[in-house]
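What follows is one structure encoded as C-alpha cells, with my remarks underneath.
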Amino acid sequence: AIVQTMVKADGKMDCDIDSYGKYNGGFYHTDAIESGKADLATLIFWNFEIPEAKARGMNDASFFSLKEWGVPDFCQLVLMTTPQRFQDMKTVFRRLVLAMRRATGLIHQQPDLARKYYKEFVAEKDEDNTEIDKNKEAIMEATMTATLPAFPNDNSMSSDYYDRLMDWLIDTEQVQKEAASIVTVDKYWTNDVAW
C-alpha cells in the first residue's frame, strides 16, 4: 500500500500493485538493502537506518519522507490498550504521559545527561574494544545525535490526523469501509490523557 500510494503521488495511476517485488526482512532494513534483497525500504527512520547505512559504507543511502508522497506519517508513538483497560487505568496512563513529558523536557534541556542515562541503561560501553564495537558505537552516537532533538514536547495528535489515516487505510483496502463507518476514529484514537 505504501509503495502504490507513492507511485500514484508521482503521477502513475495505472501501476499493478502485484508488479512490485516484496521482501520482508523484519526490522533489518539496512541488511535488506546491503544484501540486494530489496531496492528500497519503507518505514525506516532517518535517525536510525541512515546513520547505520552510512557507517556500513552505503554512502548513497538517503531518506524520503512518506508524507511527501501521500502516505500518512504513521510513525508515531501510540500507546495502545482496550477501552475497558483504558477506563480502569486512566490515572496510571495519565501519569505515564506526564512522565514521558518530563523525560522529553530532560532530553531537550540536558541532552548530554539523557545520553549518559541511556548508555548506562543499555550498558553501551563494553570492555571489548574491537573494530566492530567501534562501528556500533559510531552508529549509536550518530543515532543519538539525530534522535535526541526529535522528541515531541507532547504526544497528542489531532483528530484530523486520525481521520486522514483512516481514509488512507480505507483507500488502500487495509480496512473495510463498512466496518470503518460503524466505529468512528474517536472511539479508538484519543488524546484524553494527554491534557
Inter-residue pairs, beta-carbon under 9 Å, first over 22 Å from V175 (Cα atoms) and among the charged types (D, E, K, R) and in region 1-23, second open to solvent by 60 Å² or more (accessible area, probe 1.4 Å) and assigned to a helix (DSSP H, G or I), 6+ apart: D10/W69
Quick one: would you say G26 is within 21 Å of the chain's Cα centre (by Cα) and either surrounded by 12 or more Cβ atoms within 10 Å (Cβ to Cβ) or outside any loop (DSSP other than H, G, I, E, B) (or both)? no
In a helix (DSSP H, G or I), of a type outside the set (V, I, T) and surrounded by 11 or more Cβ atoms within 10 Å (Cβ to Cβ), is that true of M157? no
Let me spell it out: the conditions are (1) in contact with a helix residue (DSSP H, G or I) (Cβ under 6 Å, 6 or more places away or on another chain); (2) more than 30 Å from V183 (Cβ to Cβ), and D39 meets all of them except one. Which number is the exception? (1)
K134 versus (1) open to solvent by 70 Å² or more (accessible area, probe 1.4 Å); (2) modelled with pLDDT of 85 or more; (3) not in a loop (DSSP other than H, G, I, E, B): which is the lone unmet condition? (2)
Report, ordered by the first and then the second residue, all pairs with beta carbons closer than 7 Å, sequence separation of six or more or different chains, a first member in region 175-190 that is without any contact (Cβ under 8 Å) to a residue 12 or more places away in the chain, and a second member that is assigned to a helix (DSSP H, G or I). V175/L169; K177/I170
Only one residue in T5, T82, T91 is out of contact with any strand residue (DSSP E or B) (no Cβ under 8 Å at 6 or more places or on another chain), among the polar types (S, T, N, Q) and open to solvent by less than 60 Å² (accessible area, probe 1.4 Å). Which one? T5
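Determine if region 46-65 includes at least one residue that is among the hydrophobic types (A, V, I, L, M, F, W, C), farther than 21 Å from A142 by Cβ, touching a Ser or Thr at 6+ places or on another chain (Cβ under 8 Å) and open to solvent by less than 30 Å² (accessible area, probe 1.4 Å). If you could, list the steps in order and put the result at the bottom.
Of all residues in region 46-65, those among the hydrophobic types (A, V, I, L, M, F, W, C) come to 46, 48, 50, 53, 55, 58, 61, 63-64.
Then keep just the ones that are farther than 21 Å from A142 by Cβ; that gives none.
No, there is no match, as no residue in region 46-65 is among the hydrophobic types (A, V, I, L, M, F, W, C), farther than 21 Å from A142 by Cβ, touching a Ser or Thr at 6+ places or on another chain (Cβ under 8 Å) and open to solvent by less than 30 Å² (accessible area, probe 1.4 Å).
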If you go through region 170-195 one residue at a time, how many are among the aromatic types (F, W, Y) and either within 21 Å of the chain's Cα centre (by Cα) or not in a loop (DSSP other than H, G, I, E, B) (or both)? 2
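Scan region 30-38 and tell me whether some residue there is closer than 21 Å to A146 by Cα, in a helix (DSSP H, G or I), open to solvent by 50 Å² or more (accessible area, probe 1.4 Å) and at pLDDT 85 or above. Before the answer, list the steps.
Within region 30-38, the subset closer than 21 Å to A146 by Cα is 30-31.
Next cut, in a helix (DSSP H, G or I) only: 30-31.
Checking the rest, the ones that are also open to solvent by 50 Å² or more (accessible area, probe 1.4 Å) come to 31.
Checking the rest, the ones that are also at pLDDT 85 or above come to 31.
For region 30-38, residues closer than 21 Å to A146 by Cα, in a helix (DSSP H, G or I), open to solvent by 50 Å² or more (accessible area, probe 1.4 Å) and at pLDDT 85 or above: present.
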Scan of region 147-195 for residues that are of a type in the set (K, R), under 17 Å from P72 (Cβ atoms) and modelled with pLDDT under 85, ordered by number: none
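Looking at region 166-189, which of the residues that are of a type in the set (F, W, Y) and under 22 Å from T81 (Cα atoms) is surrounded by the fewest Cβ atoms within 10 Å (Cβ to Cβ)? Give the derivation first.
Filtering region 166-189 down to residues of a type in the set (F, W, Y) leaves 168, 188-189.
If we keep only those that are under 22 Å from T81 (Cα atoms) as well, we get 188-189.
Values: Y188: 13, W189: 17.
Taking the candidates together, the pick is Y188.
The values are calculated or read from the model by the stated rules, or taken from the named source; none is laboratory data. The model shown is predicted, which means the values in this text are computed figures rather than measured ones. Cβ sites come from the backbone with ideal geometry, for glycine too, and all protein chains shown count toward neighbours. For the accessible areas, the whole protein counts, side chains as well, though only heavy atoms, and no ligand, DNA or RNA atoms are used. Shrake-Rupley method; radii C 1.70, N 1.55, O 1.52, S 1.80 Å.
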